[in-house]
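The values are calculated or read from the model by the stated rules, or taken from the named source; none is laboratory data. From a predicted model like this one, the values you see are computed outputs, not experimental measurements. Note that each Cβ is placed from the backbone with ideal geometry, even for glycine, and that neighbours are counted across all protein chains shown. Surface areas here come from the heavy atoms of the whole protein model, side chains and all, with no ligands, DNA or RNA. Shrake-Rupley method; radii C 1.70, N 1.55, O 1.52, S 1.80 Å.
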Amino acid sequence: MSKQRLDARFKEILARGDKLFVPYIMAGDGGLDALNERIQFLETCGASAIELGLPFSDPVADGETIQEAGIRALKSGATVQGVFDTLKVSKERNMPIILMTYMNPVYRYGIEAFAKACVDAGVSGLIIPDLPMEEEQMITDILTQHDIALIRLVALTSPTTRQEELKKRTEGFLYAVTVTGTTGERQTFTDRVHQYLAHLKNGANTPVLAGFGVSSEEQVKMLSGHCDGVVVGSRIVKAFHEGDRAIIKAMIEASKQST
Amino acid sequence: MYQQPNETGHFGQFGGRFVPETLMPAVLELEEAYNEVKNDPDFLETFHYYLKDYVGRETPLYYAERLTKKLGGAKIYLKREDLNHTGAHKINNALGQALLTKHMGKKKVVAETGAGQHGVATATACALLGLECIVFMGAEDIKRQKLNVFRMELLGAKVEAVHHGSATLKDAVNEALRYWVSHVEDTHYIIGSVVGPHPFPQIVRDFQSMIGRETKQQFNEKTGRLPDALIACIGGGSNAMGMFYPFVDDASVKMYGVEAGGHGISTGKHAATLTGGRVGVLHGTMTYLLQDDDGQITEADSISAGLDYPGIGPEHAHLKDINRVEYVSATDQDALFGLKLLSETEGIIPALESAHAIGYLPELAQAMTEDQSIVVCLSGRGDKDVETVKAVLGGQSDE
């Protein structure tokens, strides 16, 4: 059911004519006790799915905001098992959960055990930024057996042939990285972004979401206009950390108006 | 015949390319560029020209007679990488990769450094070839190695302090990788050891393997045969890989890699990845890592900034698994003992990194006979460590 839950929900939202909005939060930032309430809050605001970061000590794809959230989460005692146990409590939620983490915690937990734990906790998909398609065969069969979507990232630096291959392979959605760099807020995007998103949209079997650097209502509207929606990470993490939830609501609202 | 890595960059189950998609094209481009130059006579001629006339190769293979007598046992030879320009083996790889950077038409270089030796070597090669250079270094290491920071600055490099995590080599690699992700279009990452995603472990090994090739020839000229044992210190493992690689198929040659045992393996405060670590993925490669049960990387601990790394080159992981190399460890105390021993018996102050190999030497030499020989890779000189050593051992100059 896992992967299907994600696909069905995205389909339903897009069929209404809305854009997708996937907020990223760091599991354990603010303590694991806060996790289910934050998921609930995002659901109430109208999020389409949640990208949930599992903290890792050495997150090379992440900028400072998410690095620091990861350090806070680890300091608060968050563990992989702790996150799964917390998610299990409300596994019948409507909101699809996509876990984002690096390869090492998955490998340490055991790939098969990790996939099973995802199923038990009601997780629909995985994003592993340090697992390019050259290495993914170590995990793909097991994820397929357990019905967990492996969401591929495509980058501005990916040549056309790689973009096409990633478009073909991805499940759930295609994560279009909109900056040549790490996660974190940006003021502007390269002019190439529109053309890049248009190219990715063309012939894609899954929704295409833009992510990395998206941090204002204007950017949400602008990028959503060129694809199926956005992933917003650092700005959301910062908002929860600073207790300023109004901005989260405003960004999700902006996404609804961008069609 | 030993032939690693395979075409996908794996050494047995280890290695690979675990990097973000943004970097994948650069990693593939690097592989292609390296395949173009690795057998190109013009490239190799230029490389060897600089190695000879600029670095001062070949380095001597020196019979350490007084050390041999003092320890009693096998004859000890030192491969004098400490005599290279900039004081360590690091310049071999830095120069090779700086030439490769030019071949790829890139004008900027990023590097990480632990003890500062690779940073200085990279800054040097960049000054020589007119490349822009930025070096990431842990704030803790900057404290331990102030002089090397100033040397890099004199050479025109920009040194960026890294305050995250343990503020040592691992964190410097993280930051260098992040910088590379953000500047990949015009910047090459000159990684300092046989670590990172394919093809780095192969490139760095190849650019260091003159150490072993020269040793083989020099030892043969002196004795007409092969040495019985090789020994080298290991952090990421580039000097060891450069020494071992040309001997992998010579089954009679035993090889020993000495990791940093820090305060002792049993204390948990060490950097002995192969002795105390478990398989995982870090910095683009699958290898043994110091990590907790949750897959979080733990902090390494060593008196030597250059060995203070929780991972190890994937080829070493493979050589351990196929039982070709024996990996052992020497503690901070063993290293200090080794440093004093070599200074007093031979008039050579080794780098703290290399002192780990010397520190393990008594055990090895005494278990062998007088007609046998050991070659130690003396990877660097100790000038940079004098302050650290003085802080531990004290000295007359204290007022």
Practice problem: May I ask you to give the solvent-accessible area per residue for region B:186-284, in square angstrom, as obtained with a 1.4 angstrom probe? | Solution: 26 Å²
Quiz item: Stokes-Einstein D for region A:70-180 at 25 °C, 0.890 mPa s, Kirkwood Rh over Cα pairs, in µm²/s?
Solution: 164 µm²/s
Quiz item: With point charges of +1 on the Cβ of Lys and Arg and -1 on the Cβ of Asp and Glu, referenced to the Cα centre of chain A, which listed residue (A:P207, A:I50, A:T140) lies farthest in the positive direction of the dipole?
Solution: A:P207
Quiz item: To the nearest 100 Å², how much accessible surface do chains A and B hide from each other in total, with a 1.4 Å probe?
Solution: 3000 Å²
Quiz item: Over region B:21-174, what is the mean sequence separation of C-alpha contacts under 8 Å (at least six apart), divided by residue count, expressed as relative contact order in percent?
Solution: 16 percent
Quiz item: Given the options B:G235, B:G359, B:G105, which has the most mean-square fluctuation in a GNM of chain B, springs set between C-alpha atoms less than 10 angstrom apart?
Solution: B:G105
Self-check item: Dipole moment magnitude, nearest 20 debye, chain B about Cα centre, only Lys, Arg, Asp, Glu C-beta charged
Solution: 680 debye
Quiz item: So what does log10 I(q)/I(0) come out to for region A:143-220 at q = 0.24 Å⁻¹, using the Debye formula with one equal point on every Cα and no solvent?
Solution: -1.14
Quiz prompt | Choice from B:F337, B:F247, B:F207 with maximal GNM fluctuation in chain B (Cα, 10 Å cutoff) | solution = B:F337
Quiz prompt | 20 Å-binned pair-distance histogram of chain B (Cα, whole percent) | solution = 31, 61, 8
Quiz prompt | Sparsely packed GluC sites (Glu not before Pro) within region B:1-61, loop by DSSP, other Cβ within 10 Å at most 10 | solution = B:E7
Self-check item: Solvent-accessible area per residue, Å², over region A:79-168 with all protein chains present [probe radius 1.4 Å]
Solution: 33 Å²
Quiz item: chymotrypsin sites (Phe, Trp or Tyr not before Pro), restricted to region B:7-72: which are DSSP loop and have at most 15 other Cβ atoms within 10 Å?
Solution: none
Quiz item: Across all directions of projection, what mean area in square nanometres is found for the Cα convex hull of region A:155-198?
Solution: 3.6 nm²
Quiz prompt | Cα-projected label distance for B:E32 with B:R213, points at 7 Å along beta-carbon direction, nm | solution = 2.7 nm
Quiz item: How high is the FRET efficiency between B:D293 and A:V119 when r is their beta carbon distance and R₀ equals 30 Å, given to the nearest 0.05?
Solution: 0.85
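What share of Cα pairs, in percent, lie more than 48 angstrom apart in the protein assembly as shown?
More than 48 Å apart: 18 percent of the Cα pairs in the protein assembly as shown.
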Quiz item: Farthest toward the dipole's positive end in the protein assembly as shown, which of A:M95, B:L361, B:A271, given Cβ charges of +1 (Lys, Arg) and -1 (Asp, Glu) about the Cα centre?
Solution: A:M95
Quiz item: List the cysteines of chain B that have no other Cys Cβ closer than 4.7 Å: which are they?
Solution: B:C233, B:C377
Self-check item: Percent RCO, i.e. relative contact order, over region B:263-353, from Cα pairs under 8 Å lying at least 6 residues apart
Solution: 25 percent
Quiz item: Among A:M26, A:M95, A:M103, which one shows the biggest mean-square fluctuation in a GNM of chain A, springs joining Cα atoms closer than 10 Å?
Solution: A:M103
Quiz item: Given region A:180-247, what whole percent of its Cα pairs are spread farther than 18 Å?
Solution: 39 percent
Self-check item: Largest-first ellipsoid semi-axes for region B:76-206, taking √(5λ) over the Cα gyration tensor eigenvalues, angstrom
Solution: 19, 19, 15
Practice problem: Sequence neighbours fewer than 8 away in the same chain don't count; with that in mind, list the lysines whose C-alpha is under 30 Å from A:K168. | Solution: A:K3, A:K11, A:K19, A:K91, A:K116, A:K201, A:K221, A:K256
Quiz prompt | chain B: relative contact order in percent, alpha carbon pairs under 8 Å with at least 6 residues between | solution = 20 percent
Quiz item: What size of dipole, in debye to the nearest 20, comes out for the protein assembly as shown about its Cα centre when the only charges are +1 on Lys and Arg C-beta atoms and -1 on Asp and Glu C-beta atoms?
Solution: 580 debye
Quiz item: Roughly how many percent of the accessible protein surface of region A:135-259 is carbon and sulfur, given a 1.4 Å probe and a whole-percent answer?
Solution: 46 percent
Quiz prompt | Share of alpha-carbon pairs per 5 Å distance bin for region B:344-384, given as whole % | solution = 6, 21, 27, 24, 15, 5, 2, 0
Self-check item: Gain in span if fully extended, B:Q3 to B:K390, counting 0.36 nm per residue against the direct Cα distance
Solution: 134.9 nm
Exercise. Multiply the residue gap between B:A161 and B:N323 by 0.36 nm, knock off their C-alpha separation, and tell me the result in nm, one decimal place.
Key: 54.4 nm
Quiz prompt | Expected-Rg normalisation [2.2 N^0.38 Å, Cα atoms] applied to chain A | solution = 0.91
Self-check item: Segment A:T160-A:E12, extension gain: residue separation times 0.36 nm, minus the distance between their alpha carbons
Solution: 50.3 nm
Self-check item: region B:232-380 - Rg and Dmax from Cα coordinates, angstrom
Solution: 14.9, 49
Self-check item: In region A:1-92, GluC sites (Glu not before Pro) in a DSSP loop with at most 14 other beta-carbon atoms within 10 Å
Solution: A:E92
